[in-house]
Amino acid sequence: MIKKVRIAYIGGGSRLWARNLMSDLALEKEVGGTVALYDIDFQSAKNNAFIGEQLMKHPKAVGQWDFEVCQTLEEALKGADFVFISILPATFDQMADYVHIPEKWGILQPVGDTAGVSGLFRALIVMPMYEGFAKAIEKHCPNAWVFNFTNPMTMCVQILYHVFPKIKAFGNCHEVFSTQKILARALEEKTGIKAHHFDIHINPMGINHFTWITSASYKDIDLFPIYREFALKHQKEGLDDGKYPSGLTVFQSAEKVKLDLFLKTGVIAAAGDRHLVEFLPQSMYLKDRATVEQWKFFLTSVAFRKENMEKGNRSALNIIAGKEEVKIVPSGEEGIAQLKALLGLEELVTNVNMPNVGQIPNLPLGQVVETNALFRRDYVHPVFAGDLPEFPLSITQHHVHTHQELLKAFDHKNLSYAKKALRQDPSVSHLPAKEIDAMFDEIVSKMNPYLDYYKAK
């Protein structure tokens with residue numbers, strides 16, 4: 001018998017995540033129900049509802065889901081068992097400001113959604129939005145489980161709990177899966193054993209996109225010695241085997257940074273290079289474009305992101321016009337597996353972002369951190385990970401301070417706390433304070449009305 005549930009999807013007009021979710025739902029035979037799509041772009045949500053309906057008619061589909069387009073957030077949330085949040089804070093025009101203006105000061109940002117200048121401004125934009133989500137969830141579906149997919153992940157989850165302390169929320173990120181796949185590759189190169197990445201058991205810890213693995217195994221095999229040999233073998237060319245850049249997309253890297261950090265620290269970095277470098281001092285891997293090329297990762301421009309969005313728009317319109325067939329492609333994400341575990345249909349251990357209740361003892365309690373967690377029926381509890389090792393701890397502490405100052409900026413509606421945090425960020429620590437302030441002020445001047453919250457004293 002199919003278990004029926006209601007999913008409220010905030011950001012239901014998404015060109016990527018909504019399509020991924022609907023593909024996974026089409027392949028799910030134990031759970032069905034209704035997906036309520038809410039988006040400030042109502043037409044995009046309508047388009048996704050049509051695509052979802054077509055996916056359910058696909059010959060490979062086994063799912064039984066209806067799609068409802070909602071005019072208001074409250075309408076979507078009423079009666080929801082689960083809430084998925086996947087939004088773009090502001091627009092790509094604002095992203096272009098906080099990603100590319102810093103280039104005048106030599107600050108390069110490969111991703112621009114989590115750490116450094118971009119992560120700070122994106123958090124300032126998103127916190128008032130997430131305040132609204134948290135209050136609406138508290139009012140209309142306080143017992144729903146909330147899955148966050150939006151970046152900056154740490155601050156999105158942090159503000160949900162800050163506003164509604166009893167919320168049942170966690171943040172999902174697939175970066176750790178990529179590292180498990182690399183560990184599976186290392187295992188195969190050494191032993192010939194072909195393992196699925198979910199069979200690589202790890203102990204991840206840290207903050208989102210700056211997560212570290214302190215133990216890794218496949219059955220009875222310790223993977224750390226194998227990974228060391230693997231890192232030494234591939235440190236020169238990375239994992240694209242010398243084919244860069246033709247063998248990679250702009251969202252990928254050769255993982256040379258990841259391998260280098262392991263050989264320097266003895267801990268496995270569990271995020272992609274493009275994310276990792278944004279947390280570190282500029283001198284390490286982001287000194288200039290020649291350094292970026294040397295380490296074989298990409299600077300993903302906002303112009304490219306706009307093109308990718310338009311490609312998604314054209315695809316949706318072509319499907320609606322009958323010019324393009326819908327395709328069911330498993331996303332590789334764990335959202336549906338988590339949902340099923342919360343319904344009691346299975347048990348699951350996987351990495352998520354939740355407030356620290358002691359799972360990482362040497363980070364502050366209440367700080368949102370990333371570790372494994374156990375999922376059971378109506379239950380998610382972080383798994384004890386232990387202390388964060390010395391090198392990642394020393395960097396992470398700077399970013400935890402940034403998160404704390406951002407919460408002060410939110411509470412006091414005062415951007416001076418954010419400016420103070422930026423002055424201490426590792427990515428700009430080489431710049432004089434007056435230049436950091438000038439950069440901060442220029443970006444602020446471009447961000448109206450998205451920073452008006454901080455002026456409403």
Can you name the number of the only condition in (1) over 30 Å from I213 (Cα atoms); (2) aromatic (F, W, Y); (3) touching a Lys or Arg at 6+ places or on another chain (Cβ under 8 Å) that F391 fails? (1)
Within segment 183-195, can one find any residue that is surrounded by fewer than 20 Cβ atoms within 10 Å (Cβ to Cβ), within 21 Å of the chain's Cα centre (by Cα) and either under 20 Å from Q338 (Cα atoms) or at pLDDT 95 or above (or both)? no
May I ask you to list the residues in segment 26-61 that are surrounded by 23 or more Cβ atoms within 10 Å (Cβ to Cβ), farther than 23 Å from C156 by Cβ, in contact with a strand residue (DSSP E or B) (Cβ under 7 Å, 6 or more places away or on another chain) and hydrophobic (A, V, I, L, M, F, W, C)? none
Between residues in segment 102-115 that are more than 20 Å from S253 (Cβ to Cβ) and residues that are basic (K, R) and assigned to a loop (DSSP other than H, G, I, E, B), which pairs lie under 9 Å by C-beta distance while being six or more apart or on different chains? G106/K287
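Only one of F230, F198, F177 is touching a residue at least 12 places away in the same chain (Cβ under 8 Å) and either within 23 Å of S86 (Cα to Cα) or among the acidic types (D, E) (or both). Can you tell me which? Even if it seems obvious, please write down each step before you answer.
Details: F230 fails: either within 23 Å of S86 (Cα to Cα) or among the acidic types (D, E) (or both); F198 fails: either within 23 Å of S86 (Cα to Cα) or among the acidic types (D, E) (or both).
After ruling out the rest, the residue left standing is F177.
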Pick from E346, E324, E333: which is charged (D, E, K, R) and within 22 Å of H209 (Cβ to Cβ)? E333
Quick one: which residue in L388, L407 is closer than 23 Å to N151 by Cα, among the hydrophobic types (A, V, I, L, M, F, W, C) and buried (at least 20 other Cβ atoms within 10 Å of the Cβ)? L388
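Would you be able to tell me the number of residues in segment 157-175 that are under 18 Å from E334 (Cβ atoms) and at pLDDT 95 or above?
6
Sort out which residues of segment 36-78 are part of a strand (DSSP E or B) and not aromatic (F, W, Y), and write them in order of number. Show your work before the answer.
Going through segment 36-78, the residues part of a strand (DSSP E or B) turn out to be 36-38, 65-70.
Within segment 36-78, A36, L37, D66, E68, V69, C70 qualify.
Hey, which of the helices (runs of 4 or more DSSP H) in segment 245-334, taking only ones fully inside, have at least 2 residues that are acidic (D, E)?
Numbers: elements: 256-265, 273-276, 282-285, 289-295, 302-320.
Where helices (runs of 4 or more DSSP H) fall fully within segment 245-334 and carry at least 2 residues being acidic (D, E), they are 302-320.
The values are calculated or read from the model by the stated rules, or taken from the named source; none is laboratory data. Values in this document were obtained by computation on a predicted structure and should not be read as measured data. Backbone-built Cβ (ideal geometry, glycine too); neighbour counts: all protein chains shown.
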